[in-house]
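Please read the structure below before turning to the comments.
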Amino acid sequence: REKSNMRRPGSITTFIGAILVIATSMIRGSGVKPTDGATTVPLADTTLTPRFHDGRPIIPVKSLRMRVTAYSPDHRSCGDQADGITASGYSVQTNGGRLVAADRRMFKFGELISIPGYAAEHVVPVLDRGGAIKGNRIDVLYPTHERAMQWGVKHLIVTVWAYADGQPTGFKRPR
């Protein structure tokens, strides 16, 4: 066999290739079918400023219209199970207390989303579940019950994000 003079692509080439593949799929549509009544909407025009989460570049992959409510980590929202630990095993203080509860059929633990009006529109992880959180509904966490009640019920377009390198979130349950 003859040796090829072609080199294996480096990490930068792989990264740029992943961005091109993801960008092409975004242009053609997300290719993700909404489930449980969620409505997929076109992605909003994003700024050219790159966004990062945990030091890795992220890109928007789809937008969904969802019913967004709020909860607090106390007995008034979580009942007798209020122990400060989310369904994923992480503390409610993870990510500065900015996290989301969602239906397992809509979002896996560790998926990244941004919600208009919540957490200064930073990207937050899905780290919790809830008995009433089914289908196209999410619950945003606030430190107090009073603040959660101020949020009310909103129907918003939520953006789902992915790491630009195409690698998974790397979510792991704490021990």
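The values are calculated or read from the model by the stated rules, or taken from the named source; none is laboratory data. Quick caveat: nothing in here was measured; it's all calculated off a predicted structure. FYI the Cβ positions are ideal-geometry reconstructions off the backbone, even for glycines, and counts take in every protein chain you see. Please note that ligands, DNA and RNA were not included when accessible areas were found on the heavy atoms of the full protein model with its side chains. Shrake-Rupley method; radii C 1.70, N 1.55, O 1.52, S 1.80 Å.
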Is there any pair linking a residue in the range 48-67 that is touching a residue at least 24 places away in the same chain (Cβ under 8 Å) to one that is acidic (Asp, Glu) and surrounded by 14 or more Cβ atoms within 10 Å (Cβ to Cβ), with Cβ under 8 Å and at least six apart or on different chains, and which?
-> 56/165; 57/165
Consider residue 153 against the criteria (1) in contact with a Lys or Arg (Cβ under 7 Å, 6 or more places away or on another chain); (2) within 22 Å of residue 52 (Cβ to Cβ): it satisfies all of them except one. Which criterion is unmet?
-> (2)
Give, as residue ranges, the strands (runs of 3 or more DSSP E) completely inside the range 77-165 that count at least 1 residues that are among the small types (Gly, Ala, Ser) and either in contact (Cβ under 8 Å) with a residue 60 or more places away in the chain or crowded, with 19+ Cβ neighbours inside 10 Å (or both).
-> 100-102, 112-114, 154-163
Which numbered condition residue 168 fails, given (1) in a loop (DSSP other than H, G, I, E, B); (2) open to solvent by 70 Å² or more (accessible area, probe 1.4 Å); (3) under 22 Å from residue 74 (Cα atoms) | (3)
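Taking only the range 58-76 into account, find how many residues are in a loop (DSSP other than H, G, I, E, B) and among the small types (Gly, Ala, Ser).
Going through the range 58-76, the residues in a loop (DSSP other than H, G, I, E, B) turn out to be 72-74.
Now drop any that are not among the small types (Gly, Ala, Ser), which leaves 72.
Number satisfying all stated conditions: 1.
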Before we move on, is residue 160 under 18 Å from residue 54 (Cβ atoms) and β-branched (Val, Ile, Thr)?
-> yes
